[in-house]
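**Student:** Dumping the structure here so I can ask a few things about it.
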Amino acid sequence: MKIKKRIPLIDQHDKLGFWGGKFGGSYIPETLKKPVDDLTKKFSKLRNNKSFLKKKDYYFKNYIGSPTPFVKLENLSKHLGGAQIWAKVVSEANGGAHKIYNATVHALICKSMGKKYIVGDTGAGYAGKMLSMAAKKFGLKCKIFMGAKDIKRQKPNCDAMRKNGAEIVPVYTGSQTLVDAVSECMRYWVSNCDTTHMCVGSTVGPNIFVKVCGWSTSQISKELKVQIKEEFGKIPKKIKLINCVGGGSSAYGFWSEFVDFPKSQIEFIGVEAGGPKHSKLHAAPLSRGAKLGILHGAASYVCQNNDGQINETESISAGLDYPGVSPIHCFLKDTKRAKYTYATDEEALSAYKLVTKYEKLNPSLEPSHAFAEAIKIAQNLNKDEIIIVNSCGDAKKDRDILKKRIKNYV
Amino acid sequence: MFNSISEAFKKAKKENRPALLTYTVAGDSTKKKSLEILNSISKNVDICELGFPHNTPIADGGQIQTSAYRAIKNGIKIRDIFQIVKKFKKNKYSKPLILMGYYNMIYQYGENKFLNDCKKSKVDGLIVVDLPWPENKNFAKKCKKNSISFIQLLSPTTSKARLKKIIKDSHNMIYYISMLSTTGGKLKVSPKKILFNYNEIKKISPKKNCVIGFGITEKTIDKLKKADGLVVGSAICKEITRSLKNRQNPVINVSKMVTKLKNKIL
C-alpha cells in the first residue's frame with residue numbers, strides 16, 4: 001500500500017472506489033446506485049468547470065470568510081515551555097466550524113443538479129447548522145437528521161438550525177447519536193433520491209461523499225500553506241499538524257496539501273475520542289485497533305463485535321462520537337503517513353480549561369481533544385519545533401456540557 | 001443446480017399463481033419463536049426469506065428495524081441463525097430458504113466460512129442488501145460454486161443498460177424493488193406502473209424468476225398477482241410486534257396472516 005505523489009488523496013482510489021485496495025468503496029442498496037452515479041459524474045464535471053470553481057471561490061471568500069486566521073498561542077507555548085504552539089482558527093469561519101465548507105459545496109452541487117431538497121446528518125450539530133445555513137442561502141428546503149441524545153446535548157446548534165428554517169428529524173434508534181442519524185438519513189435518501197440531494201456530513205459514506213467532503217475541506221490546508229510561508233518565509237523543518245478525528249473531515253482538510261512532504265518534516269497526528277476514562281465504549285477505531293468492517297456504505301476500521309454488529313460509542317464530544325472513520329484515514333494509517341492516538345473526555349476537558357485560561361480562544365470539545373495531545377507532547381519538544389492545532393469548532397454549542405463539567409466556565 | 005428455488009416457482013406457476021415469499025427476522029422474537037413461525041407458515045409459503053439482523057441497516061424501514069433490534073437484544077448470533085435453518089430444514093414441510101442481510105456480517109464471519117455453513121445448513125439462496133452489482137460479482141460466483149443462488153436486486157432507478165448487465169449475471173431468481181423506499185413503505189406507485197417495470201425485466205429475460213417486494217401487504221398483494229413471486233416482509237414483522245404488544249402468540253397470528261395472504265393470490 002503506497003501513497004502516490006502529486007495526486008490528491010481523494011483521487012487515489014481504484015475503479016470500485018477503494019483506497020489502498022480495501023478502504024472505502026460503495027456498499028449501497030441498488031436504489032442508490034443511480035443517484036450515487038449521477039452525483040459522481042456531476043462532481044467530476046463541476047470540479048473542472050471554471051464557472052463553478054469561480055462561484056465556489058466567491059462563496060468561500062465572501063460567505064464563509066476565507067482565509068481563517070493562523071495565530072501563535074504565545075501564552076500557552078510559554079506556559080508549557082517547549083514547542084511553539086500555533087492554531088489554525090477554522091472556527092472563525094461563518095457558522096463557527098469547518099463543516100461550512102462541505103455544506104456550501106453540497107448546496108451548490110444540489111442547485112446545479114436542479115434539486116430543491118437537501119438532507120443531511122449531524123452529530124455535534126455543526127454539520128446540520130451549516131447545511132441549514134447554506135440551504136437558506138441558496139433557497140433549498142432542508143431536513144437534518146440528528147440523534148435524540150445529541151439534540152439534547154447540543155441545543156444551541158439545534159436552535160440555529162430551526163432559525164434557519166430547517167426541519168430537525170430526531171432519531172430514536174440505537175444509541176441515538178451520529179451513527180443512527182447517518183443511517184436514518186441514508187434511509188430517507190433511499191426513499192426520496194429522485195427529488196432530494198443528500199449531504200454526508202464528513203469524509204465518510206460511499207466513495208463519492210468522501211471525495212466531495214475532502215475536496216471541500218482541503219481549503220483549510222490550502223490557506224495554511226500560504227500562511228505558513230508568510231509567517232516563516234518558508235516551510236519550517238519540523239511541523240506537527242494535530243487534528244481531532246471523528247469522521248475525519250477537518251483532519252483531511254488540514255493535512256491534504258501537505259501529504260507529499262516527508263513525514264520527518266510535516267507530521268500528522270490524529271486524535272480520536274477515547275470516551276470517559278476507563279470506558280470501553282470509545283470512539284477510537286484507528287488508535288484502539290478496531291477491525292475492518294463496513295459501515296454506512298464504506299469499508300473502514302469500525303468499532304464492532306465479532307458478529308459485525310456496530311458498537312455503541314461514548315464521548316463527551318458529539319462530533320467525534322462515531323464508531324467508524326474515513327477510509328482515507330485508514331489509508332493514511334496503514335501507509336504510516338499519519339499517526340493516530342486518542343484523548344479521554346477528562347483530558348479534553350482539562351485541555352479546554354488550559355487553552356481558555358491562557359488564550360483568547362474557545363475551542364469546542366472536538367478540537368479540545370487535539371489540544372490535549374498538543375499539551376501532552378509540547379513540553380518535550382524544542383523551541384524550533386512547531387505544533388499547529390486545527391481549532392476547527394467553536395465551543396458555544398458546548399455551553400451546557402461545559403457548565404456542568406467545569407465550574408469556572410465563563 | 002439451484003433446483004429447489006426453481007422448483008418452487010414451477011409449482012406455483014402450475015397452480016396459476018405467483019409464488020408467495022415471506023420475510024421474517026431470525027431470532028424474532030426469540031430463536032425458538034422464529035423457528036416456530038417458519039414451521040407454522042411453511043405450508044402456505046413457497047420460499048422463506050430469513051433476515052440476519054444488523055443493528056445499522058441502511059435500507060430497512062421501521063418495522064424490520066424493530067424486529068432486528070428485538071432479535072439482537074435477545075442475543076441472536078450468526079451461528080444461531082444457521083442452527084435455526086438446519087432445524088427448519090429437517091421439517092418435512094420445509095421450503096427453500098433464502099438468507100437476507102447486510103454484507104458486514106458476512107465479511108466478519110468470513111465469506112468462505114459463511115458459504116460453507118450455508119451449505120451445511122441447506123440454505124438455498126442469499127440476498128445481500130448492500131452489495132450491489134458489479135461489486136458482488138466475485139461473491140456471486142462463489143455462491144454459484146456452492147450451489148447457492150445469489151439473488152440480484154433491481155430497482156426503479158436501475159437504468160436499462162444496467163438492468164441487462166445485472167440480469168445477465170443473475171442466477172435463477174431476481175428481486176425487483178417496487179418503489180423508491182426502504183422496506184415497509186406505503187405503496188406509493190400504482191401496481192400498473194410496477195407491473196410495467198416488471199414486464200420490462202421479463203422482456204429481457206423471460207425465463208428468470210422475478211419477484212416483487214417492498215410495500216406488499218394484504219391490501220396490495222392481489223393487484224400484483226401477475227408476477228412470478230411476491231414478497232411480504234414488513235407486514236409480517238409488524239404483526240409480530242402487534243402480537244407481542246397485545247400479549248398474543250405471534251406464531252398463531254403470523255400463521256393466520258400468511259393464510260390470508262395466500263388466499264388472496266389463489
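**Student:** How many residues does the range A:376-410 contain that are aliphatic (A, V, I, L, M), at pLDDT 95 or above and either more than 20 Å from A:Ser315 (Cα to Cα) or not in a helix (DSSP H, G or I) (or both)?
**Tutor:** 7
**Student:** Does A:Ala284 satisfy being within 14 Å of chain B (Cβ to nearest Cβ) and farther than 21 Å from B:Ile72 by Cβ? Walk me through how you get there before you give the answer.
**Tutor:** Numbers: within 14 Å of chain B (Cβ to nearest Cβ): no; farther than 21 Å from B:Ile72 by Cβ: yes.
No; evaluated as a whole, the condition is false for this residue.
**Student:** List the pairs whose first member sits in the range A:302-326 and is more than 9 Å from every other protein chain (Cβ to nearest Cβ), whose second member is of a type in the set (Lys, Arg), and whose Cβ atoms are under 7 Å apart, counting only residues at least 6 apart or on separate chains?
**Tutor:** What qualifies is A:Ala318/A:Arg153.
**Student:** Just give me the residues in the range A:130-188 being farther than 22 Å from A:Pro206 by Cα and acidic (Asp, Glu), in sequence order.
**Tutor:** A:Asp150, A:Asp159, A:Glu167
**Student:** Tell me, yes or no, whether the range A:278-286 has at least one residue that is closer than 11 Å to A:Ala338 by Cβ, crowded, with 24+ Cβ neighbours inside 10 Å and modelled with pLDDT of 95 or more. Steps first, answer last, please.
**Tutor:** Looking only at the range A:278-286, we keep the residues that are closer than 11 Å to A:Ala338 by Cβ, and these are A:286.
Filter once more, keeping what is crowded, with 24+ Cβ neighbours inside 10 Å: A:286.
Filter once more, keeping what is modelled with pLDDT of 95 or more: A:286.
Yes, that holds for at least one residue.
**Student:** Would you check if there is a residue in the range B:130-146 being at pLDDT below 95, buried (at least 22 other Cβ atoms within 10 Å of the Cβ), closer than 19 Å to A:Pro29 by Cβ and touching a strand residue (DSSP E or B) at 6+ places or on another chain (Cβ under 9 Å)?
**Tutor:** Here is the first cut: in the range B:130-146, the ones at pLDDT below 95 are none.
No, the range B:130-146 contains no residue that is at pLDDT below 95, buried (at least 22 other Cβ atoms within 10 Å of the Cβ), closer than 19 Å to A:Pro29 by Cβ and touching a strand residue (DSSP E or B) at 6+ places or on another chain (Cβ under 9 Å).
**Student:** Go through (1) assigned to a loop (DSSP other than H, G, I, E, B); (2) in contact with a Lys or Arg (Cβ under 6 Å, 6 or more places away or on another chain) for A:Lys115 and report which single condition fails.
**Tutor:** Evaluating A:Lys115 over (1) assigned to a loop (DSSP other than H, G, I, E, B); (2) in contact with a Lys or Arg (Cβ under 6 Å, 6 or more places away or on another chain) leaves (2) as the failure.
**Student:** State yes or no: is B:Val231 under 17 Å from B:Gln152 (Cα atoms), among the β-branched types (Val, Ile, Thr) and surrounded by 15 or more Cβ atoms within 10 Å (Cβ to Cβ)?
**Tutor:** On the way: under 17 Å from B:Gln152 (Cα atoms): yes; among the β-branched types (Val, Ile, Thr): yes; surrounded by 15 or more Cβ atoms within 10 Å (Cβ to Cβ): yes.
Criteria met by B:Val231.
**Student:** Turning to a different aspect of this structure: Quick check on A:Ala87: is it in contact (Cβ under 8 Å) with a residue 12 or more places away in the chain, outside the structural domain of A:Val204 (by TED's automatic domain parsing), touching a strand residue (DSSP E or B) at 6+ places or on another chain (Cβ under 9 Å) and under 21 Å from A:Val245 (Cα atoms)? Step through it out loud before you land on a result.
**Tutor:** Numbers: in contact (Cβ under 8 Å) with a residue 12 or more places away in the chain: yes; outside the structural domain of A:Val204 (by TED's automatic domain parsing): yes; touching a strand residue (DSSP E or B) at 6+ places or on another chain (Cβ under 9 Å): yes; under 21 Å from A:Val245 (Cα atoms): yes.
For A:Ala87, the condition - in contact (Cβ under 8 Å) with a residue 12 or more places away in the chain, outside the structural domain of A:Val204 (by TED's automatic domain parsing), touching a strand residue (DSSP E or B) at 6+ places or on another chain (Cβ under 9 Å) and under 21 Å from A:Val245 (Cα atoms) - is met.
**Student:** Take A:Lys234 and tell me if it is assigned to a loop (DSSP other than H, G, I, E, B), among the basic types (Lys, Arg) and free of Cβ contacts under 8 Å to residues at least 24 places away in the same chain. First the steps, then the outcome.
**Tutor:** Details: assigned to a loop (DSSP other than H, G, I, E, B): yes; among the basic types (Lys, Arg): yes; free of Cβ contacts under 8 Å to residues at least 24 places away in the same chain: yes.
Considered against the rule, which asks whether it is assigned to a loop (DSSP other than H, G, I, E, B), among the basic types (Lys, Arg) and free of Cβ contacts under 8 Å to residues at least 24 places away in the same chain, A:Lys234 comes out as yes.
**Student:** In the range A:60-88, what residues are surrounded by 21 or more Cβ atoms within 10 Å (Cβ to Cβ) and not polar (S, T, N, Q)?
**Tutor:** Within the range A:60-88, A:Phe60, A:Ile64, A:Leu73, A:Leu76, A:Leu80, A:Ala83, A:Ile85, A:Trp86, A:Ala87, A:Lys88 qualify.
**Student:** Looking only at residues that are in contact (Cβ under 8 Å) with a residue 40 or more places away in the chain and in contact with a Ser or Thr (Cβ under 8 Å, 6 or more places away or on another chain) in the range A:212-229, which one is nearest to the other protein chains (Cβ to nearest Cβ)? Let's see the steps before the verdict.
**Tutor:** Filtering the range A:212-229 down to residues in contact (Cβ under 8 Å) with a residue 40 or more places away in the chain leaves A:212-220, A:223-224, A:226-228.
If we keep only those that are in contact with a Ser or Thr (Cβ under 8 Å, 6 or more places away or on another chain) too, we end up with A:213-214, A:216-220, A:223.
On the way: A:Cys213: 18, A:Gly214: 21, A:Ser216: 23, A:Thr217: 24, A:Ser218: 27, A:Gln219: 29, A:Ile220: 29, A:Glu223: 35 Å.
Applying the filter and picking the extreme gives A:Cys213.
**Student:** Still on this structure: Only one of these is of a type in the set (Lys, Arg), under 21 Å from A:Gly247 (Cβ atoms) and assigned by TED's automatic domain parsing to the domain that holds A:Ala103: A:Arg162, A:Arg187. Name it. Write out each step before concluding.
**Tutor:** Numbers: A:Arg162 fails: under 21 Å from A:Gly247 (Cβ atoms).
Being of a type in the set (Lys, Arg), under 21 Å from A:Gly247 (Cβ atoms) and assigned by TED's automatic domain parsing to the domain that holds A:Ala103 holds for just one of A:Arg162, A:Arg187, which is A:Arg187.
**Student:** Right, another one. From the residues in the range A:150-173 that are farther than 22 Å from A:Thr195 by Cβ and surrounded by fewer than 19 Cβ atoms within 10 Å (Cβ to Cβ), which one is nearest to the other protein chains (Cβ to nearest Cβ)? Spell out the reasoning first.
**Tutor:** Just the residues of the range A:150-173 that are farther than 22 Å from A:Thr195 by Cβ, to begin with: A:150-160, A:162-163, A:170, A:172-173.
The next check asks that each one be surrounded by fewer than 19 Cβ atoms within 10 Å (Cβ to Cβ); those that pass are A:152, A:155-156, A:159, A:162-163, A:170, A:172.
Values: A:Lys152: 21, A:Lys155: 26, A:Pro156: 28, A:Asp159: 28, A:Arg162: 25, A:Lys163: 30, A:Pro170: 14, A:Tyr172: 10 Å.
Checked the range A:150-173; the qualifying residue nearest to the other protein chains (Cβ to nearest Cβ) is A:Tyr172.
**Student:** Given the conditions (1) over 17 Å from the mean Cα position of the chain (by Cα); (2) hydroxyl-bearing (Ser, Thr, Tyr); (3) more than 24 Å from A:Phe261 (Cα to Cα), report the number of the one that A:Thr335 does not fulfil.
**Tutor:** (3)
**Student:** Can you work out which of the residues in the range B:69-79 that are within 10 Å of chain A (Cβ to nearest Cβ) and either hydrophobic (A, V, I, L, M, F, W, C) or more than 21 Å from B:Phe214 (Cα to Cα) (or both) is surrounded by the most Cβ atoms within 10 Å (Cβ to Cβ)?
**Tutor:** Taking the range B:69-79 first, the residues within 10 Å of chain A (Cβ to nearest Cβ) are B:69, B:72, B:76-79.
Cutting the leftovers down to either hydrophobic (A, V, I, L, M, F, W, C) or more than 21 Å from B:Phe214 (Cα to Cα) (or both) gives us B:72, B:76-79.
Values: B:Ile72: 18, B:Ile76: 24, B:Lys77: 19, B:Ile78: 22, B:Arg79: 11.
Step by step, filter the range B:69-79, then rank; the result is B:Ile76.
**Student:** What residue, among those in the range A:194-211 that are of a type in the set (Ser, Thr, Tyr) and in contact with a strand residue (DSSP E or B) (Cβ under 9 Å, 6 or more places away or on another chain), is farthest from the other protein chains (Cβ to nearest Cβ)?
**Tutor:** Here the answer is A:Ser202.
**Student:** Still on this structure, I have one more. For the range A:362-384, enumerate the residues that are under 25 Å from A:Leu178 (Cβ atoms) and surrounded by fewer than 24 Cβ atoms within 10 Å (Cβ to Cβ).
**Tutor:** Answer for the range A:362-384, where residues must be under 25 Å from A:Leu178 (Cβ atoms) and surrounded by fewer than 24 Cβ atoms within 10 Å (Cβ to Cβ): just A:Asn362.
**Student:** Can you confirm whether the range A:18-39 contains a residue that is in a loop (DSSP other than H, G, I, E, B), away from chain B (no Cβ under 14 Å), modelled with pLDDT of 95 or more and surrounded by 14 or more Cβ atoms within 10 Å (Cβ to Cβ)?
**Tutor:** In the first step, residues of the range A:18-39 are kept if they are in a loop (DSSP other than H, G, I, E, B); the result is A:20-22, A:25-29.
Those still in the list that are away from chain B (no Cβ under 14 Å) too: A:20.
Subset that is modelled with pLDDT of 95 or more: A:20.
Within this subset, residues satisfying the condition of being surrounded by 14 or more Cβ atoms within 10 Å (Cβ to Cβ) are A:20.
Looking through the range A:18-39, at least one residue is in a loop (DSSP other than H, G, I, E, B), away from chain B (no Cβ under 14 Å), modelled with pLDDT of 95 or more and surrounded by 14 or more Cβ atoms within 10 Å (Cβ to Cβ).
**Student:** Scanning for something within 14 Å of another protein chain (Cβ to nearest Cβ), touching a residue at least 12 places away in the same chain (Cβ under 8 Å) and in contact with a Lys or Arg (Cβ under 8 Å, 6 or more places away or on another chain), does the range A:181-193 turn up at least one residue? Let's see the steps before the verdict.
**Tutor:** Of all residues in the range A:181-193, those within 14 Å of another protein chain (Cβ to nearest Cβ) come to A:181-193.
Narrowing the set further to residues that are touching a residue at least 12 places away in the same chain (Cβ under 8 Å) leaves A:181-186, A:188-190, A:192-193.
From what's left, in contact with a Lys or Arg (Cβ under 8 Å, 6 or more places away or on another chain): A:188, A:193.
Yes, some residue in the range A:181-193 is within 14 Å of another protein chain (Cβ to nearest Cβ), touching a residue at least 12 places away in the same chain (Cβ under 8 Å) and in contact with a Lys or Arg (Cβ under 8 Å, 6 or more places away or on another chain).
**Student:** Looking at the range B:188-239, which of the residues that are among the β-branched types (Val, Ile, Thr), touching a strand residue (DSSP E or B) at 6+ places or on another chain (Cβ under 7 Å) and assigned to a helix (DSSP H, G or I) is nearest to B:Val254 (Cα to Cα)?
**Tutor:** B:Ile236
The values are calculated or read from the model by the stated rules, or taken from the named source; none is laboratory data. Computed from a predicted structure; not experimentally measured. As a convention, Cβ positions derive from the backbone with ideal geometry for all residues, glycine included, and neighbour counts pool all protein chains shown.
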